[in-house]
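The values are calculated or read from the model by the stated rules, or taken from the named source; none is laboratory data. If you're wondering where the values come from, they're calculated on a predicted model, not measured in any experiment. Glycine gets a Cβ as well: all are built from the backbone with ideal geometry, and neighbour counts include every protein chain shown.
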């Protein structure tokens, strides 16, 4: 409250406002503060009814959380007298409501209440931020005078700071609670990644994943099967965050269940695709590689739904085949006719590399992407390293290339190498 405001207030009004200030300082709960603010305004200004409209900057709306005698009200901040106060950030005193063209009588008609006069004042926070608007209706003895305007302005200044403090604390608590929940979601997601790889005779297999956010839209899995076989999964849901994380975790869970029930590769892919088509929104899908590594036949038989490039590095001559997708992403279309899976034969020393876009499309400040050619060079230069170490090398070189540019997408890698002998 400024010195000029205090000099124009009566001793009684000043005492009452100071008492209100003390009351507002005792609570930080927004509903309690809103009720206290409007009760104080009615008492100090000798008004019949009142409302506090909080300003929602995201929607440019005013929301009445406490309005004596009415239910919650939400409307555009450009409407009526309250809207004018928002735009001009100045008090409006209307001695005769129905004689003022700015007054909207709809609420009176709906509630049966009769508004005679009203005083509307902006609530401006300590940093000149608009917190909301306070409005009081029907002075009990006549209309609101100049003294009431001064009292309302002083009272609004105290209420605005208290309400701003409460909203900031509420936002902080909500943020902290959300961060805790996201941390739990991240922990759950990270736990579904394989803790150790199954033993696949004659093969070295490794996997790794790092989300761009606290939770990610990538998944990988390696599931040991009978006869020296293993199911390889790499999935990438559109976007990243909690929603995509749920989608890819669902894919992994459905695959595990299908395998336990004895489903083959085609059945796994078909049924998971159909379920995702029913569950996901039209603009959501999961690109996925699903393939069976057969250590006896030295083959990978697979479907790649929108997932590529797949890299088949050939140790014999150092060449590398870049393979594209074989069908549409999972969840894109239910009941689609399945094409026959493709088969790749792996010679001694060959590496089959699965990676999501976060590796190939990692961009530095000049927008140049890492690209698949650099990945191929790493495979060629470090082909004899254990696959877990080779993943570390790929990630190290991606980060060195990025020179500090932030990770924009989830990154996931699965490598399988046929060992000599």
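Observations on the structure shown:
- Residues that are surrounded by fewer than 18 Cβ atoms within 10 Å (Cβ to Cβ), farther than 12 Å from residue 295 by Cβ and touching a residue at least 60 places away in the same chain (Cβ under 8 Å) within the stretch 214-233 are absent altogether.
- Of the strands (runs of 3 or more DSSP E) lying entirely inside the stretch 36-97, not one is found with 1 or more residues being closer than 21 Å to residue 144 by Cβ, outside the structural domain of residue 111 (by TED's automatic domain parsing) and modelled with pLDDT under 85.
- Residue among 411, 399 that is touching a helix residue (DSSP H, G or I) at 6+ places or on another chain (Cβ under 6 Å), more than 22 Å from residue 200 (Cβ to Cβ) and assigned by TED's automatic domain parsing to the domain that holds residue 221: 411
- Residue in the stretch 369-389 that is within 33 Å of the chain's Cα centre (by Cα), in contact (Cβ under 8 Å) with a residue 60 or more places away in the chain and more than 30 Å from residue 277 (Cβ to Cβ) present: yes
- Checking each residue in the stretch 272-307 for being at pLDDT 90 or above and surrounded by fewer than 16 Cβ atoms within 10 Å (Cβ to Cβ) picks out 296, 297.
- Residue check, residue 364 in the same structural domain as residue 378 (by TED's automatic domain parsing) and at pLDDT 95 or above: no
- Residues that are within 27 Å of the chain's Cα centre (by Cα) and loosely packed, with under 13 Cβ neighbours inside 10 Å within the stretch 342-365 comprise just one, 365.
- Among (1) in a helix (DSSP H, G or I); (2) over 18 Å from residue 323 (Cα atoms) - the single one residue 367 does not satisfy: (1)
- Within the stretch 200-212, no residue that is free of Cβ contacts under 8 Å to residues at least 12 places away in the same chain sits with its Cβ atom under 6 Å from a residue that is part of a loop (DSSP other than H, G, I, E, B) and surrounded by 20 or more Cβ atoms within 10 Å (Cβ to Cβ) at 6+ positions apart or across chains.
- With respect to (1) buried (at least 19 other Cβ atoms within 10 Å of the Cβ); (2) touching a strand residue (DSSP E or B) at 6+ places or on another chain (Cβ under 7 Å), the lone exception for residue 149 is condition (1).
- Qualifying residue in the stretch 103-118 (condition: at pLDDT 90 or above, more than 16 Å from residue 49 (Cα to Cα) and in contact with a strand residue (DSSP E or B) (Cβ under 6 Å, 6 or more places away or on another chain)): no
- Residue list for the stretch 143-163, restricted to those being in contact (Cβ under 8 Å) with a residue 12 or more places away in the chain and farther than 18 Å from residue 89 by Cα: 143, 144, 147, 162
- Within the stretch 298-324, the set of residues being in a loop (DSSP other than H, G, I, E, B) and in contact (Cβ under 8 Å) with a residue 40 or more places away in the chain comprises 298, 307, 309, 315, 318.
- Single unsatisfied condition, residue 327 versus (1) under 27 Å from the mean Cα position of the chain (by Cα); (2) surrounded by 14 or more Cβ atoms within 10 Å (Cβ to Cβ): (1)
Here is a yes/no grid of residues against (1) in contact with a helix residue (DSSP H, G or I) (Cβ under 7 Å, 6 or more places away or on another chain); (2) closer than 19 Å to residue 48 by Cβ; (3) outside the structural domain of residue 64 (by TED's automatic domain parsing); (4) not in a loop (DSSP other than H, G, I, E, B):
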position	(1), (2), (3), (4)
120	yes, yes, no, yes
134	yes, yes, no, yes
142	no, yes, no, no
148	yes, yes, no, yes
151	yes, yes, no, yes
157	no, no, no, yes
